[in-house]
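Novice: Here's a structure for you.
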Amino acid sequence: MTDAGTKGSAGAVVLAGGKGTRLWPYTAVLPKPLMPLADMPVLELVLRQLHFRGINRVVLAVNHLHHLVKSFFGQGDRLGIEIIYSIEDEPMGTAAPLAPILDLLQDDFLILNGDLLTDFDFSLLLKSHVARGADLTVATQKRKFQVEFGVINRDESGRITGIAEKPSVDHWVAMGIYAANRKAIERFLPKQQYVDMPTVIQGMISDGGRVFAHHQDCIWLDIGRPEDYAAAQTMFEQDRSRFLPPS
């Protein structure tokens, strides 16, 4: 369900409907996008960054405690943007909110989670996506993962040829920020069915779609875990100007 009377083209969809179960019990009374960083909700910071990068019309896909999100942001006048609300009656996956609102979006548009602390340049992602003629572009960052156990190398006979004690492994990870072509993604978004972004991405790849990775040297934290939320609080308070664009 979307707000009545909304027509035209939005440049971004912000996914702000998750229950934030890893931040329980805080998210029992406050939706995760309204969790504060210093004196403002993390979602407000994201919306201010989008506006600074030239995105003036945004669809907020909301579900859990959506009335609080609508009460806080209204139609976006305070932030200088126009907000359209797309309300899910029940969780249907991270990509499902896109299906009923495609006609509200630009030919190429952004998709991002509403609970990120980052200084990522959204406009550079969109420009790269369009220049490549991509169907979908995934913002990526390299992360180091620590293995908790000793890792054994062995041959087919079972003879151990080496051991590494708790090694670290580098992987490229998805940041929860995407640029998509509306026509290209449409058929991978069945209406009224559960579908998440990894399924959409894999479907487009398997179909031979033009799916690219995009990397920027930037700070990026998903505040879904208590330790990441605490880190984001500290980081924002220590270097506020890095994340918050000028009014």
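Novice: Identify, please: which residue in the range 187-211 is of a type in the set (D, E, K, R) and farther than 19 Å from residue 132 by Cα and is, among those, surrounded by the most Cβ atoms within 10 Å (Cβ to Cβ)?
Specialist: Applying the filter and picking the extreme gives 196.
Novice: Another one. If I filter the range 121-133 for residues that are more than 19 Å from residue 93 (Cβ to Cβ), of a type in the set (Phe, Trp, Tyr), in contact with a strand residue (DSSP E or B) (Cβ under 8 Å, 6 or more places away or on another chain) and in a helix (DSSP H, G or I), do I get at least one hit?
Specialist: Scanning the range 121-133 turns up at least one residue that is more than 19 Å from residue 93 (Cβ to Cβ), of a type in the set (Phe, Trp, Tyr), in contact with a strand residue (DSSP E or B) (Cβ under 8 Å, 6 or more places away or on another chain) and in a helix (DSSP H, G or I).
Novice: Within the range 152-171, which residues are within 30 Å of residue 141 (Cα to Cα), out of contact with any Phe, Trp or Tyr (no Cβ under 8 Å at 6 or more places or on another chain) and not in a strand (DSSP E or B)?
Specialist: Listed by number, the list holds a single entry, 167.
Novice: What is the one condition in (1) assigned to a helix (DSSP H, G or I); (2) under 16 Å from the mean Cα position of the chain (by Cα); (3) of a type in the set (Ser, Thr, Tyr) that residue 241 does not satisfy?
Specialist: It fails just one condition, (2).
Novice: Still on this model: Tell me yes or no: at least one residue of the range 106-113 is among the β-branched types (Val, Ile, Thr) and at pLDDT 95 or above.
Specialist: Yes, there is a match, as at least one residue in the range 106-113 is among the β-branched types (Val, Ile, Thr) and at pLDDT 95 or above.
Novice: Then there is this: Select, from 68, 117, 37, the only residue that is within 29 Å of residue 199 (Cα to Cα) and of a type outside the set (S, T, N, Q).
Specialist: The conditions single out 117.
Novice: Between 69, 59, 46, which is surrounded by 23 or more Cβ atoms within 10 Å (Cβ to Cβ), at pLDDT below 90 and within 19 Å of the chain's Cα centre (by Cα)?
Specialist: The unique qualifying residue is 69.
Novice: Might you let me know whether the range 158-171 holds any residue that is of a type in the set (Ser, Thr, Tyr) and either under 24 Å from residue 121 (Cα atoms) or surrounded by fewer than 12 Cβ atoms within 10 Å (Cβ to Cβ) (or both)?
Specialist: Yes, there is a match, as at least one residue in the range 158-171 is of a type in the set (Ser, Thr, Tyr) and either under 24 Å from residue 121 (Cα atoms) or surrounded by fewer than 12 Cβ atoms within 10 Å (Cβ to Cβ) (or both).
Novice: Which of (1) assigned to a strand (DSSP E or B); (2) on the phi < 0 side of the Ramachandran plot; (3) not aliphatic (A, V, I, L, M) does residue 176 not meet, given it meets every other one?
Specialist: (2)
The values are calculated or read from the model by the stated rules, or taken from the named source; none is laboratory data. Only a predicted model underlies this, so the values are computations on that prediction, with no experimental measurement involved. With ideal geometry, Cβ positions are generated from the backbone for all residues, glycine too; neighbour counts draw on all protein chains shown.
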